[in-house]
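Peer 1: Supplied in structure tokens, the structure appears directly below.
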């Protein structure tokens, strides 16, 4: 029997699918022991909280998160955080790559990940599937996207954002006609002549309110809305990636439209972009506002005490719950949950991710006996332009300073990426160490 086309959007006929990404090599070492969506963000959140919160705030209550690497901490976070009322339908579930009678391979790309899990997506009566990335910062009401999708009788809608020329070569760039129907899609174009052909023309620039100070292009945000049957047909092949294969092919076969988004959007898939996007939250009026009461970012409720600050100087920084900060200086930095900052420390332009638990007195005594620093930032330490991952033991008078222009490097208990020093999770840095 032919399935009738949906004429409206309801909380029960939309499925959200969040792509957990591959091994997350560009975010190493933050992904050494966790999947990319589970990377801590802004002192108390995880990256996956952003797309899930966007879905919840858009009345999308049914979600799958697709992942295949280091999924234990992500699974724990999802299970502890997103529990819907038992009398109302709704779920957030993780689908990890698995061997089945139909296949024994890990996900080969974004499209392959969705294809391998189609049996879960199609067994319920979802009319629309919203496919999202798990490593982006943005706020978007998907109800507006879905309404445009219905209004244009689209088969596929791609969320797009205006970007300038220097950003275009690292993104999927597309062209739309006056009805916003996509007529061309090029993945990461580098040829200047091709870019000239793809740039936005004056009528559309004026329509979206972009000034003509420089060339602009429409870039894919990696957010797609598919009609149920179109998704099944588009994946009835062995193509592995949406951006490289599925979308370019779909433009010639289906009604594919662009939804033009003009808010804040940032891909945080690299150490530099992750670092910059996090510290941007410390500004007076950040573009990604965590204090928006209408569209909150949800996360695990930890029931921690208020942070204790004793004679410290703190400027343009975020301090999460359950911290103890002694007489120190903290500037333009993020201090994550359960952090302990000792006396006379200086922390600038850094991300301290905090701790997963408080150490017991017995653990402290055992560590003292072995000469291991406590799980804290030790007295007299100076940390600048660094990322200190969870549960790090930083001894007294440790000095970590930026390495601008330094090549990527992997040292004992530390790594350098884009001039940023990263101390990995559970690392021990002995007192007096200089990095």
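Peer 1: Using alpha carbons only, how many angstrom separate the centre of the range 272-344 from the centre of the range 107-169?
Peer 2: After rounding, the separation between the Cα centres reads 32 Å.
Peer 1: So in the range 308-429, what percent of DSSP beta bridges are antiparallel if you round to the nearest 5? Spell out each step's value before the answer.
Peer 2: On the way: 6 of 34 bridges.
Rounded to the nearest five, the antiparallel share is 20 percent.
Peer 1: Taking a virtual spin label 7 Å from the Cα of residue 343 along the C-beta vector, which residues in the range 358-381 bring their backbone nitrogen under 13 Å of it?
Peer 2: Correct set: 379-381.
Peer 1: If you don't mind, there's one more thing I want to ask. Could you work out the relative contact order of the range 14-280? I mean the mean sequence separation of Cα pairs under 8 Å and 6+ apart, divided by the number of residues, in percent. List each step's numbers first, then the result.
Peer 2: Working: 473 pairs, mean separation 63.7, N = 267.
Contact order relative to length: 24 percent.
Peer 1: On full extension of the chain, what length is gained from residue 313 through residue 7, given 0.36 nm per residue of separation minus the C-alpha to C-alpha distance? Display every interim value, and only then the final one.
Peer 2: On the way: separation 306, 0.36 × 306 = 110.16 nm, distance 5.72 nm.
Contour length minus Cα-Cα distance gives 104.4 nm.
Peer 1: Let me ask you something else. For residue 165 and residue 118, what does the FRET efficiency come to when R0 = 35 Å and r is the distance between their Cβ atoms, rounded to the nearest 0.05? Let's see the in-between values first.
Peer 2: Numbers: r = 38 Å, r/R0 = 1.08.
In this case the efficiency is close to 0.40.
Peer 1: Output the 0 to 90 degree angle, nearest 10, between the alpha-carbon long axis of helix 361-370 and the longest principal axis computed from the alpha carbons of the chain.
Peer 2: Helix 361-370 sits at roughly 70 degrees to that axis.
Peer 1: So how long is each side of the chain along the principal axes, counting just the alpha-carbon atoms, biggest first, in Å?
Peer 2: Result, largest extent first: 72, 53, 41 Å.
Peer 1: Oh, and also: Per the helix-only calculation at 222 nm, which mean residue ellipticity applies to the chain, given -39500 (n - 2.57) for every DSSP H run of n ≥ 4 and division by its residues, nearest 500 deg cm²/dmol? Kindly include the intermediate steps, with their values, before the conclusion.
Peer 2: Numbers: 12 runs with 89 residues, N = 435.
For the chain, the value works out to -5500 deg cm²/dmol.
Peer 1: Using just the C-alpha positions of the range 308-429 as equal point scatterers, what log10 of I(q)/I(0) does the Debye formula give at each q in 0.11, 0.16, 0.19 1/Å?
Peer 2: -0.33, -0.71, -0.99
Peer 1: Take the eigenvalues of the Cα gyration tensor for the range 203-259, scale each by 5, and report the square roots as semi-axes in whole Å, largest first. Intermediate results must be reported in sequence, preceding the final value.
Peer 2: Details: eigenvalues 169, 30, 16 Å².
Listed largest to smallest, the semi-axes of the range 203-259 are 29, 12, 9 Å.
Peer 1: Here's a follow-up. Using R₀ = 22 Å, calculate the FRET efficiency as 1/(1 + (r/R₀)^6) where r is the Cβ-Cβ separation of residue 291 and residue 262; round to 0.05. Please list the in-between numbers first.
Peer 2: Numbers: r = 21 Å, r/R0 = 0.95.
Efficiency for this residue pair is about 0.55.
Peer 1: Taking the Cβ-Cβ separation of residue 270 and residue 298 as r and a Förster radius of 30 Å, what is the calculated FRET efficiency to the nearest 0.05?
Peer 2: Working: r = 25 Å, r/R0 = 0.84.
After rounding to 0.05, the efficiency reads 0.75.
Peer 1: Here's another thing I want to ask about it. By how many degrees, 0 to 90 and rounded to 10, does the Cα axis of helix 142-151 deviate from the longest principal axis of the chain?
Peer 2: Once rounded, the angle reads 10 degrees.
Peer 1: Let me ask something additional. What percent do you get for the relative contact order of the range 275-341 when only Cα pairs under 8 Å and 6+ apart count?
Peer 2: Values: 108 pairs, mean separation 18.7, N = 67.
Result for the range 275-341 is 28 percent.
Peer 1: Could you tell me how far the Cα centroid of the range 213-263 sits from the Cα centroid of the range 37-75, in Å?
Peer 2: The range 37-75 and the range 213-263 have Cα centres spaced 22 Å from each other.
Peer 1: Let me ask another. Using a Gaussian network for the chain with springs between C-alpha atoms less than 10 Å apart, which of these wobbles most: 83, 338, 417?
Peer 2: 83
Peer 1: If I build a Gaussian network model for the chain, linking alpha-carbon pairs within less than 10 angstrom, which residue out of 62, 294, 216 has the largest mean-square fluctuation?
Peer 2: Comparing 62, 294, 216 in a Gaussian network model of the chain, the most mobile one is 294.
Peer 1: Tell me the angle of helix 72-81 to the major Cα principal axis of the chain, expressed in degrees between 0 and 90 and rounded to the nearest ten.
Peer 2: With both axes taken from Cα atoms, the answer is about 80 degrees.
Peer 1: In the chain, what percentage of the DSSP-assigned beta bridges are antiparallel, given to the nearest 5?
Peer 2: 40 percent
Peer 1: Next question. Would you look at the GNM of the chain, springs on alpha carbons closer than 10 Å, and say which of 358, 107, 298 moves the most?
Peer 2: Maximum among the listed residues: 358.
Only the coordinates and a few stated rules stand behind these numbers; no lab work does. A quick note: this is a predicted structure, and the numbers were derived from the prediction, not measured. Methodologically, a virtual Cβ is constructed for each residue, glycine included, from the backbone with ideal geometry; neighbour enumeration extends over all protein chains shown.
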